[in-house]
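Presented below is the structure to which this report refers.
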Amino acid sequence: MEKIEKLVIIGSGPAGLTAAIYAARGGLDPLVISGRTAGGQLMLTTDVDDFPGFPDGIQGPELMQNIRKQAARFDTKFLEEDVSSVDFKMSPFVIQTETQIIKTKSVIIATGASAMWLGIESEQRLIGRGVSACAVCDGFFFKDKVVLVVGGGDTAMREAQYLSKVAKKVIVVHRRDSLRAQPALIELVKSKENVEFIWNSEVLEILGEDKVTSVRLKDTQTAETSEINIDGIFVAIGHKPNTGFLKGAIDLDDKGYIVVKNEVFTSKEGIFVAGDVSDHKYRQAVTAAGAGCKATFEVEEYLEQK
């Protein structure tokens, strides 16, 4: 007989793996399609000090490894492939990976979102060494230091506002002469005495060997370059949800995030969501994990009713 899974979880960050832990313990025998780049954004984070249960902090990759081991202990199945397409028109739902066609009675989508980067070599080399895309995650490490925020939208203003509470000085660099963020957010940030703006500028290079020491900027109008000494740089030009494989299958908003109903429900019955793939506000490991737990409870109820 053709095998039909009870539950397939797409994604292996905090949301997907927490969902797997609850599902496996609940007897749902879940299959996690973890993807080629498993573990989510925490794989790019060094010190994690805000996940409960680790008073001395923990490295991001180690935390994800621990959560995966916990899911595996309850016999969660894993498939280390990416999803290429889905068909959610009717149950059982069909998921196409690189090498397999999988059928399932329910799905939790937990593919997360990826930070948008500047695209320069030095940025990737220094991620976790002064380069970050999350002020709430890493701002504490820059207490009483000088940091730079790149961007001009809501994300950048929220990062700058948060950092203004911990850093000695926050420098916002924007490639235009005006901001795209909400007026209330702009006024809030401009009211901070330790925040300054550098307009019409873009980052050419981030300097430093083992850690960020300075940044080279280029004036977009005059092409003149300058160098500023900083301790850290926060790239805040937005996030992109990992939903390319879902277009047409369920409702997405204009930015590509999954449209959510009642926290974890999608527009399609039997398809649930957890984590940053639908959350463009909080974007924390602990909120993603909580959503994974909620999604599994709803899956259990859905399958029982079926």
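Output the residues belonging to segment 17-64 that are over 17 Å from the mean Cα position of the chain (by Cα), closer than 23 Å to ALA115 by Cα and of a type in the set (Gly, Ala, Ser). If the condition is that a residue be over 17 Å from the mean Cα position of the chain (by Cα), closer than 23 Å to ALA115 by Cα and of a type in the set (Gly, Ala, Ser), then GLY57 is the only one that fits.
Against the numbered list (1) under 24 Å from TYR22 (Cα atoms); (2) hydroxyl-bearing (Ser, Thr, Tyr); (3) at pLDDT 95 or above, TYR282 comes up short only at (3).
Of all residues in segment 1-44, those being touching a helix residue (DSSP H, G or I) at 6+ places or on another chain (Cβ under 9 Å), of a type in the set (Val, Ile, Thr) and surrounded by fewer than 24 Cβ atoms within 10 Å (Cβ to Cβ) number 2.
For segment 243-264, does any single residue satisfy the condition of being loosely packed, with under 15 Cβ neighbours inside 10 Å, in contact with a Ser or Thr (Cβ under 6 Å, 6 or more places away or on another chain), of a type in the set (D, E, K, R) and touching a residue at least 40 places away in the same chain (Cβ under 8 Å)? No, every residue in segment 243-264 fails to be loosely packed, with under 15 Cβ neighbours inside 10 Å, in contact with a Ser or Thr (Cβ under 6 Å, 6 or more places away or on another chain), of a type in the set (D, E, K, R) and touching a residue at least 40 places away in the same chain (Cβ under 8 Å).
The set of residues from segment 190-240 being over 26 Å from the mean Cα position of the chain (by Cα), assigned to a loop (DSSP other than H, G, I, E, B) and charged (D, E, K, R) comprises LYS192, GLU193, GLU209, GLU224. Considering segment 204-242, and only residues there that are farther than 18 Å from ARG175 by Cα and hydrophobic (A, V, I, L, M, F, W, C), the residue that is surrounded by the fewest Cβ atoms within 10 Å (Cβ to Cβ) turns out to be LEU207. Take the conditions (1) buried (at least 24 other Cβ atoms within 10 Å of the Cβ); (2) touching a strand residue (DSSP E or B) at 6+ places or on another chain (Cβ under 7 Å); (3) β-branched (Val, Ile, Thr); VAL48 misses just one of them, which is (1). Sub-9 Å Cβ pairs linking a first residue in segment 1-28 that is assigned by TED's automatic domain parsing to the domain that holds THR243 to a second residue that is among the acidic types (Asp, Glu) and buried (at least 24 other Cβ atoms within 10 Å of the Cβ), at least 6 apart or interchain, are GLY13/ASP276; ALA15/ASP276, ordered by first then second residue. Restricting attention to segment 151-166, does a residue exist that is outside the structural domain of LEU42 (by TED's automatic domain parsing), within 19 Å of the chain's Cα centre (by Cα), buried (at least 21 other Cβ atoms within 10 Å of the Cβ) and assigned to a strand (DSSP E or B)? No, there is no match, as no residue in segment 151-166 is outside the structural domain of LEU42 (by TED's automatic domain parsing), within 19 Å of the chain's Cα centre (by Cα), buried (at least 21 other Cβ atoms within 10 Å of the Cβ) and assigned to a strand (DSSP E or B).
Per-residue answers, yes or no, for (1) touching a residue at least 12 places away in the same chain (Cβ under 8 Å); (2) at negative phi:
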residue: ASP75; (1), (2): yes, no
residue: VAL83; (1), (2): yes, yes
residue: VAL94; (1), (2): no, yes
residue: THR97; (1), (2): yes, yes
residue: GLN100; (1), (2): yes, yes
residue: THR111; (1), (2): yes, yes
residue: MET116; (1), (2): yes, yes
residue: SER122; (1), (2): yes, yes
residue: GLY130; (1), (2): yes, no
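Which of the residues spanning segment 66-95 are at pLDDT 95 or above, of a type in the set (S, T, N, Q) and outside any strand (DSSP E or B)? Listed by number, the residues that qualify are ASN66, GLN70, THR76.
When you scan segment 104-136, how many residues do you find that are under 16 Å from LYS268 (Cα atoms) and part of a strand (DSSP E or B)? Residues that pass the stated criteria total 4.
The values are calculated or read from the model by the stated rules, or taken from the named source; none is laboratory data. These numbers were taken from a predicted model, which means no experiment stands behind them. Ideal geometry is used to build each Cβ from the backbone, glycine not excepted, and the neighbour counts take in all protein chains shown.
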